[in-house]
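Heads up, the thing below is written out as structure tokens.
Taken together, the values in this text are just the output of simple stated rules run on the coordinates, not laboratory data. Here the structure is a predicted model, which is why all the values come from computation and not from measurement. Cβ sites come from the backbone with ideal geometry, for glycine too, and all protein chains shown count toward neighbours.
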Amino acid sequence: MNSKSNLLIILVLQAFFFACKTTDKAIQTEAPVPANFRNAEVPSDDSTSIAFIPWRDFFNDVTLQTLIDTAIAHNMDLQLAIKNIDAAQATLKQAKAGYIPNVSLQVGANSTNPSNNSLNGVSLNQFLKTNHIEDYNATLALSWEADIWGKIKNQKAEALASYLQTEEAKKAVQTQIVSYVAQGYYNLLMLQEQLKIARQNLALNDSTLNIIKQQYDVGEITLLGLEQAEAQRLAAASLIPDFEQQINIQENALSILSGKLPEGIATQSTLDDIQIPEKINTGVPSLLLSRRPDVKQAELAVMAARANQRYARASMYPSLTISAQAGVNSFKASNWFNIPASVFGTVAGGIAQPILQRRQLKTNYELAAINHEKSVIQFRQSVITAVGEVSDALIALNKLQEKQSIALNRTNKLQSAIHNADLLFNTGMANYLEVITAQSNVLQSELELAQIKKAQLVAMVELYRSLGGGW
């Protein structure tokens, strides 16, 4: 009879073990990575890629370095990212403690007065010659679950991946902040350069207007010519407060980005002082997976989702729990700590197999599997986006260089034209309209040249960020 009972128990346990068994779907997590970036030269040595250059070496302007240092130390978004790391670290410590048994200490005392007409009351009076009973108890309880199916192991793996995600998130925020500060600084230099150009053009308009006034006084030019020259001078003057306003707003934005109240920023360099390398090595696209914090964060999200899926699957299997209690117990306070007479102890073990929980466990597993698949898709998308950002920055640098060459040639010709127009105007061989048109054209061309130089620097910053930002 015993052998049949044991066999039946084994069969029932096996049925419980595999009643809710599921299998993980084989999901390909490989991301599509090209052999080389579009619009990039084939690199000869990946170690020379700008992705390996720390930001202090990549940005060698002293003022910009100070701004970036301040932003890293005081930016609010970065401080929040650090707090997220602290929270994830606390969760990871909790997950690591999953293998440690639960231990609790309980001390209690109670006094019971049953009814004299009750069974308990009659029994007390008959056997103990009293109408109440006291109970004093001090118990140390221990409970431990054997990690047969890897629930604790997968909880720990998920917590570790989540913690590493917050580390990468902090790196991604810092990389973005460095990029924002650099772009804002280069925009500030461009605005200062444009303000300088506007002031120089205003001085040139003042000189031309004085000559036209003299000619008007002697009757060589009509009132219409004088008014047009004055209107041109006012148009040039109106650019100055506009650029000054934009400079103040950009200084405020950089201050706020650095976690400070708005204030002025003293620059030591000009836009022309910032040089752009002629040759840029972007390295191998496959290494983008290990360099870009946001891509690594997406990859870690896949690992966390996979661990959560395995935990949800393990929750459908039986759990083996071992518990033990030991302590002292007495119905008299005087004998409470009478050792060993008052000492007691119990040890128990149990297996619990969930059978019907309104499909909750299976639903949890299915949702975890779907989340895992979603994380894989998001990881692949992050890689495609990263490769696309590098290619966009490369084509921007390439085409902006061509555009700068054309704009520089145009500016040189216009500057020569304005010089010739002044000479011809002074000798009476050119009218005032030709001089005014030449001055307006050279102003727009010089302003455009400054915008192109700033756009080149922004594209360089974007390329550096999209390659990983020095991590």
Check your understanding: Which of Phe59, Phe127 comes first, and how do the rest follow, when ranked by fewest Cβ neighbours within 10 Å?
Key -> Phe127, Phe59
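Mean residue ellipticity at 222 nm from the helices of the chain, using -39,500 (n - 2.57) per DSSP H segment of n ≥ 4 over the full residue count, to the nearest 500 deg cm²/dmol?
-22000 deg cm²/dmol, from helical runs alone.
Can you list the GluC sites (Glu not before Pro) in region 200-285 that are in a DSSP coil and have 14 or fewer other beta carbons within 10 angstrom?
Passing sites in region 200-285 are Glu220, Glu263, Glu278.
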Review point. Quick one: helix 432-466 against the long Cα principal axis of the chain, what's the angle to the nearest 10°, folded into 0 to 90?
Key: 20 degrees
Study note, to complete from the structure: Between the modelled labels at Ile256 and Asp206 (7 Å from Cα along Cα→Cβ) the distance in nm is 3.5 nm
Point to revise | Degrees, to the nearest 10: 360-426 long Cα axis against longest axis of the chain | key: 10 degrees
Exercise for review: Pop the C-beta distance of Ile351 and Asn120 into the FRET formula with R0 = 35 Å and round what comes out to the nearest 0.05.
Suggested key: 0.50
Practice item. Any chance you could give the angle, 0 to 90 degrees and rounded to 10, that helix 151-217 forms with the longest Cα principal axis of the chain? Key: 20 degrees
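Taking 0.36 nm per residue of sequence separation and subtracting the Cα-Cα distance, how much length would be gained by fully extending the chain between Asn110 and Thr63, in nm to one decimal?
9.5 nm
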Check your understanding: Given a Förster radius of 60 Å and the C-beta distance between Ser334 and Arg358 as r, what FRET efficiency does 1/(1 + (r/R0)^6) yield to the nearest 0.05?
Key -> 0.70
Practice item. Just tell me which aspartates and glutamates come within less than 12 Å, Cα to Cα, of Lys83; anything on the same chain fewer than 8 places away is out. Key: Glu167
Practice item. Would you please give the FRET efficiency between Gln89 and Lys279, computed as 1/(1 + (r/R0)^6) with r the Cβ-Cβ distance and R0 = 41 Å, to the nearest 0.05? Key: 0.45
Revision key, fill the gap. Flagged as over-length at 27 Å C-alpha distance, from Lys93/Lys296; Lys196/Lys453; Lys196/Lys279, the pairs are Lys196/Lys279
